[in-house]
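The values are calculated or read from the model by the stated rules, or taken from the named source; none is laboratory data. Since we're looking at a predicted model, the values are computed, not measured. Methodologically, a virtual Cβ is constructed for each residue, glycine included, from the backbone with ideal geometry; neighbour enumeration extends over all protein chains shown. The area values use the complete protein model at the heavy-atom level, side chains included, leaving out ligands, DNA and RNA. Shrake-Rupley method; radii C 1.70, N 1.55, O 1.52, S 1.80 Å.
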Amino acid sequence: RLAAAAHLNSYGPVAGSARLRRAAAGYWARRGLVTEPEQVVCGPGSKPLLFGLLLAVGGDVVVPTPSWVSYAAQARLAGVRSVPVPVLPGQGGVPDPDRLREAVTAARAAGQDPRSVVVTLPDNPTGTVAEPDTVRRLGEAARDLDLVIISDEIYCDLVLDPHTRAESPALYAPERTVVTTGLTKNLALGGWRLGVARLPEGEPGRTLATRLTGIASQIWSSAAAPVQEAAAYAFEEPPEVVGHIAACRRLHSAVARAVAGLFTAAGALVAPVRATCYVYPDFEPRRARLARAHGVHTGAGLAELLLSRHGVGLLPASAFGEPEHSLRLRAATSRLYGESDDEREAALSAADPLRLPWIRASLDRIGLALTDLTGEPVSPASPDHLT
């Protein structure tokens, strides 16, 4: 589809092609969010759209703690402040609604001007999904505080249970929620750089759309037309695309849950992995051992130890806005699926990817690293047990 559209080399509409906007509207409608094509704005990736939205809404922005690294960084680039608010245990990506109210009230009393809150459903870095009641209370708090909700839902197709979905704030506060997504995660098309945003209905949404397209026209003009054409095909969700994403979910589920099991066996606290390919273990129960045996007192020190001694690469929680002393880490399992296209395709189609030799070798390597870390044997459970 991309190759067939290679001749499309003219400037297109800033908001995106008519076909792409229709396809994105249909995609959201199938997920319970009735959408008109006029509510859709596309861009060269969801990250530029998120940045454009911060500029269009204006004011300071509330971000969950922990949260994906770009949110606070984009706030700094936009010349505004971020207001961090902790998430509820096991419900990453959405600030605790009660603490959101307290933080915004305090920020405004101190002269700050929070106008938006960014949420991630499902969440990166934790691999968890906020409960519907938490999302509902977020919508109520945003309405009471007059905040725009910017809901980053780029992982919404990677909830590991195929019978459940992450509920969008747009279901509870449709008049003030912007939803963004793209093809980077569900189809592993990070290099194509294509994102879409769903703006609210009514006058507030039209005003925001006008501001966002004005910003877009001065920054990216329009997303690459051939990529838009291929993306429209993907958002229309033909059977082969739906089947491919289902296979991706199965692979993420098998490997991420196996890795979570290793961290749990090593004595770390791990919330159940419900989405994405991310695991977010907390080594606080092992703090004394890590300090005594390895001189490790921070997440950054722990990540450095695992990388330098075992070649296991993880990110410390401090990268996601948590305190330096936190011993939480984020592991991403997608690099474990294979070193070549053939291996990755085999992993994607395998009935039991945990039995593939290169995935087993990766799990064994992580187990050895954790054994060295804790001083106690840590090994992968049998594939039969894990599945």
**Percentage relative contact order, the chain, counting C-alpha pairs under 8 Å, at least six apart** = 18
**Asked** Looking at region 65-164, what % of its DSSP beta bridges pair antiparallel, to the nearest 5?
**Response** 25
**Message:** Give me the one-decimal nm value for the distance between modelled label points at Ala106 and Ser221, 7 Å along each residue's Cα-to-Cβ direction.
**Reply:** 4.7
**Request:** Enumerate the calculated ³J(HN,Hα) couplings along region 17-22 in order (Karplus 6.51 cos²θ - 1.76 cosθ + 1.60, θ = phi - 60°), each rounded to whole Hz, writing x wherever the residue is Gly or Pro.
**Result:** 5, 4, 5, 5, 5, 5
**Asked** For region 243-327, how big is the tail of P(r) above 16 Å, as a whole percent of Cα pairs?
**Response** 58
**On Cα atoms only, tilt of 225-235 relative to the major axis of the chain in degrees** = 70
**Request:** Provide, in order from the shortest bin, the percent of all Cα-Cα pairs of region 157-196 in each 10 Å bin, continuing until the bin that contains the maximum pair distance.
**Result:** 26, 39, 33, 2
**Asked** What list of ³J(HN,Hα) values in whole Hz, one per residue of region 59-72 in order, does the Karplus curve 6.51 cos²θ - 1.76 cosθ + 1.60 (θ = phi - 60°) give from phi, with Gly and Pro shown as x?
**Response** x, 6, 10, 7, 10, x, 10, x, 8, 4, 4, 6, 4, 5
**Fill in**
Among Ala293, Ala24, Ala234, the residue with the largest mean-square fluctuation in a Gaussian network model of the chain built from Cα contacts under 10 Å is Ala293
**Message:** Based on Cα coordinates alone, diagonalise the gyration tensor for the chain, multiply each eigenvalue by 5, take square roots, and list the semi-axes in whole Å, largest first.
**Reply:** 35, 27, 17
**Request:** Give, as a single signed number, the net charge of other residues whose beta carbon lies under 15 Å from the beta carbon of Ile219, with Lys and Arg counted +1 and Asp and Glu -1.
**Result:** +3
**Item:** Value at 222 nm in deg cm²/dmol, rounded to 500, when DSSP H runs of n ≥ 4 in the chain each add -39,500 (n - 2.57)
**Value:** -13500 deg cm²/dmol
**Asked** Counting only heavy atoms of protein chains, what accessible area per residue, in Å², does the chain have with a probe of 1.4 Å?
**Response** 42
**Item:** Two-site label geometry, Arg1 and Arg344: point separation in nm, points 7 Å out along Cα→Cβ
**Value:** 1.9
**Asked** When the C-alpha atoms of region 201-305 are aligned to their principal axes, what extent does each axis show, in angstrom, from largest down?
**Response** 58, 35, 28
**Message:** Over region 80-133, what portion of Cα pair distances is larger than 16 Å, expressed as a whole percent?
**Reply:** 42
**Asked** On full extension of the chain, what length is gained from Leu269 through Arg206, given 0.36 nm per residue of separation minus the C-alpha to C-alpha distance?
**Response** 18.2 nm
**Request:** Measure nothing fancy, just the Cα-based angle from helix 132-145's long axis to the longest principal axis of the chain, in degrees from 0 to 90, nearest 10.
**Result:** 50
**Fill in**
Distance in Å, no decimals, from the C-alpha centre of region 65-138 to the one of region 217-239 is 29
**Complete:** By the Kirkwood definition, with r running over pairs of different Cα atoms, region 234-387 has a hydrodynamic radius in Å of 16.3
**Accessible area of region 7-140 belonging to carbon and sulfur atoms, whole % at 1.4 Å probe** = 56
**Segments 149-161, 8-20, 86-98 sorted - mean Cβ within 10 Å per residue, highest first** = 149-161, 86-98, 8-20
**Request:** For region 81-188, build the convex hull from the C-alpha positions and give me its volume per residue in Å³.
**Result:** 99
**Complete:** Packing-ranked peptide list from 63-74, 30-41, 237-248, highest mean Cβ count within 10 angstrom first, is 63-74, 30-41, 237-248
**Overall Cα dimensions of region 298-387, principal axis frame, Å, largest first** = 41, 29, 23
**Message:** As I understand it, the value is the acute angle between the Cα axis of helix 46-57 and the longest principal axis of the Cα atoms of the chain; what does it come to in degrees, rounded to 10?
**Reply:** 50
**Request:** Rounded to the nearest Å, what's the spacing between the alpha carbon centres of region 355-376 and region 285-331? Just the number, please.
**Result:** 17
**Request:** Averaged over every viewing direction, what's the projected area of the C-alpha convex hull for region 107-164? Give it in nm², one decimal, please.
**Result:** 4.8
**Asked** Given the Cα atoms of region 148-217, and with Rh set as the inverse mean 1/r over their pairs in the Kirkwood sense, what is Rg to Rh to two decimals?
**Response** 1.02
**Request:** Could you check the simple spin-label distance between Arg30 and Ala73, using points 7 Å along Cα→Cβ, in nm with one decimal?
**Result:** 3.2
**Prompt:** So what's Rg/Rh here for region 12-113, counting alpha carbon atoms and using the Kirkwood radius for Rh?
**Reply:** 1.05
